Amino acid sequence: MKSRFLIPHSSFLIQKKNLLGFSSGIDSSALFFLLIENNITFDIAIVDYGLRKQSKKEVAHAQSLAKQYNLVCHTVTAPQFTSHFEANARKFRYDFFESLIQTYGYDNLLTAHQLNDRLEWMLMRLAKGAGLVEMTGLEAVTQKEGYTLLRPLLGYSKAELLAYLEANRYPYFVDESNSDERYERNRFRKHFSDPLIDTYTEGIKRSFDYLDADRKALLSGYEILFLEKELRVLKLHNTAAKTRAVDRTLKALGYLLSATQRQEIAQSDSLVVGRKWAVAHSGTYVFIAPYRTADMPKAFKEKYRVLKIPSKIRPYLFEEDIDPETIRRRVLFSEERRVNRK
């Protein structure tokens, strides 16, 4: 049976090394077979959290599928997390994916987030107090350092993906832990996002299209001029975009701001966020880097001062051996290119 599903942004995938985050569940199984149908080459990676008897069967199934379709299947067993399971599991999972990307040279990481996940995320952020950019945070394409993160299924509901698997008799597993309401995400899924999607699928799809367009317009207030390792230099096109720019940039670096932290960023030109990130606003530029302290030779301090590198950013540049002259040249080049485009 020929699929009616399309793979958005397929130009990112053709003739590239692609890695699919796989779980043997409905969503990732649907994406697996859609990639096969569309002749897109890829490998898979699966994490065994060891919490369910079924997890060993899911890993074995992933390995069997990979062998059947001549793919590489990367596997890893997670440690036991004694607290904050969802956050720790997510960090472990993406650290695993990124280690594979660095080791084997993958260009893209694909995840199987779908429409239900997107609404679930939005409702959870709405309940905690968030703006448009954070609430619509699951994007189809996100540029990471060294690779591109793609979520090709955001336009399809779980029910549509399940119907596709059933119609084609493709195998999949159902993770019974998804019904465990001890996890906040599962509570939102069961009581809010899934019932809404089941009743208003097409309207919700259209709403996300409109919200994506609105977000794109909002985010035009800044651009990233320079990135190296975990350093970011942003150019603000209007000062009102500062908090949004920092929020979005830190999120891409794996750190979610609280409402209080966003207020602090709006009110201060230089601060340390969560004892982890230094944020400094100077003129139309915003510098973001991991917060460090270091004893620096006087010559280095003077060089940083002359080049107008904010003081809270300097220790990270010093420890990571990032030449501030490179930042200055890259920023000037980016500025010249932007002016020439006008």
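The values are calculated or read from the model by the stated rules, or taken from the named source; none is laboratory data. All values reported here derive from a predicted model rather than from experimental measurement. Cβ: placed from backbone, ideal geometry, glycine included. Neighbour counts: every protein chain shown.
If a residue counts only when it is at pLDDT below 90 and either crowded, with 18+ Cβ neighbours inside 10 Å or small (Gly, Ala, Ser) (or both), which strands (runs of 3 or more DSSP E) contained entirely in region 211-304 have at least 3 such residues?
Details: elements: 222-228, 231-236, 270-273, 277-282, 285-290.
Answer list for region 211-304: 222-228.
Give the residue, chosen from SER207, SER177, SER193, that is outside any strand (DSSP E or B), buried (at least 20 other Cβ atoms within 10 Å of the Cβ), in the same structural domain as ASP48 (by TED's automatic domain parsing) and not acidic (Asp, Glu). Even if it seems obvious, please write down each step before you answer.
On the way: SER207 fails: buried (at least 20 other Cβ atoms within 10 Å of the Cβ); SER177 fails: buried (at least 20 other Cβ atoms within 10 Å of the Cβ).
Checking each option against the conditions leaves just SER193.
Sort out which residues of region 161-189 are in contact with a Lys or Arg (Cβ under 7 Å, 6 or more places away or on another chain) and farther than 24 Å from LYS56 by Cβ, and write them in order of number.
Result: GLU181, single match.
For region 314-328, indicate whether the set of residues that are of a type outside the set (A, V, I, L, M), assigned to a strand (DSSP E or B), within 15 Å of GLU230 (Cα to Cα) and touching a residue at least 40 places away in the same chain (Cβ under 8 Å) is non-empty.
Initially, region 314-328 is screened for residues of a type outside the set (A, V, I, L, M), giving 314-316, 318-321, 323-326, 328.
Restricting the remaining residues to those that are assigned to a strand (DSSP E or B) gives none.
The answer is no; no qualifying residue exists.
Quick check on SER24: is it in the same structural domain as TYR156 (by TED's automatic domain parsing), out of contact with any Gly (no Cβ under 7 Å at 6 or more places or on another chain) and without any contact (Cβ under 8 Å) to a residue 60 or more places away in the chain?
Numbers: in the same structural domain as TYR156 (by TED's automatic domain parsing): yes; out of contact with any Gly (no Cβ under 7 Å at 6 or more places or on another chain): yes; without any contact (Cβ under 8 Å) to a residue 60 or more places away in the chain: no.
No; evaluated as a whole, the condition is false for this residue.
Out of all the residues in region 199-221, which are in contact (Cβ under 8 Å) with a residue 40 or more places away in the chain and either touching a strand residue (DSSP E or B) at 6+ places or on another chain (Cβ under 8 Å) or more than 15 Å from LEU154 (Cβ to Cβ) (or both)?
Of region 199-221, the ones in contact (Cβ under 8 Å) with a residue 40 or more places away in the chain are 201, 204-205, 208, 211-212, 214-215, 218-219.
Within region 199-221, ASP214, LEU218, LEU219 meet the criteria.
Looking for whichever is polar (S, T, N, Q) and either out of contact with any strand residue (DSSP E or B) (no Cβ under 8 Å at 6 or more places or on another chain) or modelled with pLDDT of 95 or more (or both) here; the options are THR148, THR136. Which one fits?
Values: THR148 fails: either out of contact with any strand residue (DSSP E or B) (no Cβ under 8 Å at 6 or more places or on another chain) or modelled with pLDDT of 95 or more (or both).
Every option except THR136 fails the conditions.
Among the numbered criteria (1) without any contact (Cβ under 8 Å) to a residue 60 or more places away in the chain; (2) in contact with a Ser or Thr (Cβ under 8 Å, 6 or more places away or on another chain), which one does THR77 miss?
(2)
Is it fair to say LYS242 is more than 27 Å from ARG125 (Cβ to Cβ), assigned by TED's automatic domain parsing to the domain that holds THR326 and out of contact with any Cys (no Cβ under 8 Å at 6 or more places or on another chain)?
Details: more than 27 Å from ARG125 (Cβ to Cβ): no; assigned by TED's automatic domain parsing to the domain that holds THR326: yes; out of contact with any Cys (no Cβ under 8 Å at 6 or more places or on another chain): yes.
It is false that LYS242 is more than 27 Å from ARG125 (Cβ to Cβ), assigned by TED's automatic domain parsing to the domain that holds THR326 and out of contact with any Cys (no Cβ under 8 Å at 6 or more places or on another chain).
Checking SER55 against (1) surrounded by 14 or more Cβ atoms within 10 Å (Cβ to Cβ); (2) in contact (Cβ under 8 Å) with a residue 40 or more places away in the chain: exactly one of these is not met. Which one?
If we test SER55 against (1) surrounded by 14 or more Cβ atoms within 10 Å (Cβ to Cβ); (2) in contact (Cβ under 8 Å) with a residue 40 or more places away in the chain, just (2) comes out false.
Just checking: which of the helices (runs of 4 or more DSSP H) contained wholly in region 60-165 hold 2 or more residues that are crowded, with 16+ Cβ neighbours inside 10 Å and basic (Lys, Arg)?
On the way: elements: 85-104, 115-128, 132-135.
Answer list for region 60-165: 115-128.
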